[in-house]
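Report on one structure; see the data block that follows.
The values are calculated or read from the model by the stated rules, or taken from the named source; none is laboratory data. Quantities reported herein were computed from a predicted structural model and do not represent experimental measurements. Cβ coordinates were reconstructed from backbone atoms using ideal geometry, including for glycine residues, and neighbour counts include every protein chain displayed. The protein model used for the area step is the full one, side chains on, heavy atoms only, and it has no ligands, DNA or RNA in it. Shrake-Rupley method; radii C 1.70, N 1.55, O 1.52, S 1.80 Å.
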Amino acid sequence: MDEPRLAERVALLRGGWLFSECTDDELERIAALTHVTRVPAGTVVVREGDEGGEFYVVASGSAHVSVDDDAPLADLDAGSFFGEMALLDGGERVATVTATTDLELMVLHRDEFNEMLAMAMPTVAPKLLAVVGRRVRELEARQGRGVPFGA
């Protein structure tokens, strides 16, 4: 497998909801931060409950998403992504992702992403917050209730 060129990385990022408001220039700068890694079939890429610090885009191959010790949630293929919440908050993984075939993944590390936002692209952070806010509102509307306030 050849490593995805910058234009291919941009196209993969553009397909995800998190970066839907970003310009081509912003996507190119984000894509340039990604690293490509290959994962053999059967490998657990992320495990539910583990600390997260990376965002992944599937460049090729497929993976299975599960929760609560194998309760099936979804299947991922080229263009799918996972770990977006870890990119934003570094919190625990909410699911386990296991490679069902050999995978080629674009990986974006949280620290590099945050450094890029602070130094070079402060305009991206408000766009990401707006997209995440819309996503939370959509989830609330579907569930028919709001997010609880307080602790």
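Of Glu28, Glu21, which residue is in a helix (DSSP H, G or I) and surrounded by 14 or more Cβ atoms within 10 Å (Cβ to Cβ)? Being in a helix (DSSP H, G or I) and surrounded by 14 or more Cβ atoms within 10 Å (Cβ to Cβ) holds for just one of Glu28, Glu21, which is Glu28.
Note on the range 35-70: among residues that are open to solvent by less than 40 Å² (accessible area, probe 1.4 Å), in a strand (DSSP E or B) and farther than 17 Å from Glu104 by Cα, the one that is modelled with the lowest pLDDT is Val67.
Looking only at the range 83-91, decide whether some residue is part of a strand (DSSP E or B) and either charged (D, E, K, R) or surrounded by 13 or more Cβ atoms within 10 Å (Cβ to Cβ) (or both). No, the range 83-91 has no match at all.
Within the range 1-18, the set of residues being charged (D, E, K, R) and open to solvent by less than 50 Å² (accessible area, probe 1.4 Å) comprises just one member, Arg9.
Among residues that are part of a helix (DSSP H, G or I) and within 22 Å of Gly133 (Cβ to Cβ), Leu12 is not included.
If I ask for residues that are among the acidic types (Asp, Glu) and touching a strand residue (DSSP E or B) at 6+ places or on another chain (Cβ under 8 Å), which ones from the range 1-59 would you list? Hits for the range 1-59 are Glu3, Glu8, Glu48, Asp50, Glu51, Glu54. Listed by first and then second residue, the pairs with beta-carbon distance under 8 Å, at least 6 apart or on different chains, first residue in the range 119-137 and under 22 Å from Leu33 (Cα atoms), second among the basic types (Lys, Arg) and modelled with pLDDT of 75 or more, are Ala120/Arg29; Met121/Arg29.
Is it fair to say Ala125 is part of a helix (DSSP H, G or I), at pLDDT 85 or above and touching a helix residue (DSSP H, G or I) at 6+ places or on another chain (Cβ under 8 Å)? No.
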